[in-house]
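Down below is the structure, laid out as structure tokens.
The values are calculated or read from the model by the stated rules, or taken from the named source; none is laboratory data. Since we're looking at a predicted model, the values are computed, not measured. Cβ coordinates were reconstructed from backbone atoms using ideal geometry, including for glycine residues, and neighbour counts include every protein chain displayed.
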Amino acid sequence: MDLAVEKTQHKYGKKASHIHFAVLKENGRLVSLSEASEHYPSGCVCLACGNGLDIIKDDAKKLSFSHKGNIVCLDGLELSIYKTMLAVLLKSLQILLPQPASSKAASSSAKLQKLTSAELLSGSAEQPTLIACYAGQAFFRIALNIDGHLSAFDCARLAKQARSAKASLLLINIESNKMGSFSAFEEVLYGNASAKKWLYNKQAEILAEKSRQSSAITSLARGTDGFETAVYRAAHALLAEKLMIMLPQTSIQLPAQQKAEIISKAGIAKLTGSEYTPGGKLPCLACSSGKNAMHIIINFENRLSGIELSKLRNQARQKETSLLLISVPDSNKINNKEALSELLFVDTRSKKWLYNNRIDKLQTKGRNSAALSEPQNTSGIANKKTAALNS
Ligand SMILES: [Zn+2]
């Protein structure tokens, strides 16, 4: 208890002397200190603890609420401000919101946001008291920084929590000694955006991510950092966004067979990730599908020679990583997002396995068993249906 009191006194040095709002015992109506002192000098209770309040005059003849019987009330000031703010919000159902800092319009326009409802979220050891505001399905939360009691460290922690909860969090700076009237609360909520700041803004994060992706794609058309690099970047952005790719069929030809056998048909494979590494002689995309890794190389204008392709195939075999080659004979045909999407997610004719790790293993197995002069059981292999990355 002593520790807690000390902490609160540290947090709010001014304590009860700055409580400006209370509720009337008789009907629970929220009243300001000035109204209470005029009409209900002994009829008020605390918004936090529910205990009776007196109105006292300090040496400078300034009025203030004081808990009867010198009760130590830890949350009196904080909750009187939160609850009054909530009451004012619920009455008007609107709030002036600043633009997120990352927005281009940040300096210009704050926006008056209509709300459908709002509620108080009680604080806990991990989280301070917050106000949740709802606008249809969307919502955001408000934290009040009363007399600067939240440190920069606290704010960073709150921002992190908000990000992982995917809930936008608005911080409003409050000077408790100025919050003596309802109109002071209205001024904070609707009058100015400068006391408010987004600790985390979900919408801005979504927009920033979208613009990163679309700038990767529009740079295709502009050819800012080399057309081919731009295609790789844009392809990476699309793969990372959709987490899938259309793969060509995989087939196997064993020594004992006349014709290649199709192991798996062309189809969409789900990806778990995509990476783009611009370094090295040849740019390359690395995709993963669970434990399976795959590299993708784009052959622009058929520029890679047969020798280069077989070199790449050997490298892939050494690394035991499947290598998909996408042929783009005419670069002009993939200079927009739609064409690139078509190439990645629909097209099968432009793609072929330069090296497929699974097939290689099946083939090695096949050769080994052929060497043992066993009759080749092709259906056994087909039945495995382990089928490359498509499985
Ligand atoms: Zn109290």
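A few comments on the model shown:
- Filter result for residue 310 (of a type in the set (Ser, Thr, Tyr), more than 22 Å from residue 268 (Cα to Cα) and surrounded by fewer than 20 Cβ atoms within 10 Å (Cβ to Cβ)): yes
- Within the range 28-73, if we keep just the residues that are assigned to a helix (DSSP H, G or I) and in contact with a strand residue (DSSP E or B) (Cβ under 7 Å, 6 or more places away or on another chain), the residue that is farthest from residue 182 (Cα to Cα) turns out to be 68.
- Output for the range 313-331, where each listed residue is outside any strand (DSSP E or B) and surrounded by 13 or more Cβ atoms within 10 Å (Cβ to Cβ): 313, 315, 316, 317, 319, 321, 331
- Of the residues making up the range 29-79, those that are small (Gly, Ala, Ser) and either over 22 Å from residue 129 (Cα atoms) or away from the ligand (no atom under 12 Å from the Cβ) (or both) are 32, 34, 36, 37, 42, 43, 52, 60, 64, 66, 69.
- Near pairs, Cβ below 8 angstrom, 6+ apart or cross-chain, from the range 64-81 (within 11 Å of residue 45 (Cβ to Cβ)) to any residue that is more than 10 Å from the ligand (Cβ to nearest atom) and among the small types (Gly, Ala, Ser): 65/36
- The range 1-28: number of residues that are farther than 16 Å from residue 67 by Cα, at pLDDT 90 or above and either within 16 Å of the ligand (Cβ to nearest atom) or in contact with a Leu (Cβ under 9 Å, 6 or more places away or on another chain) (or both): 1
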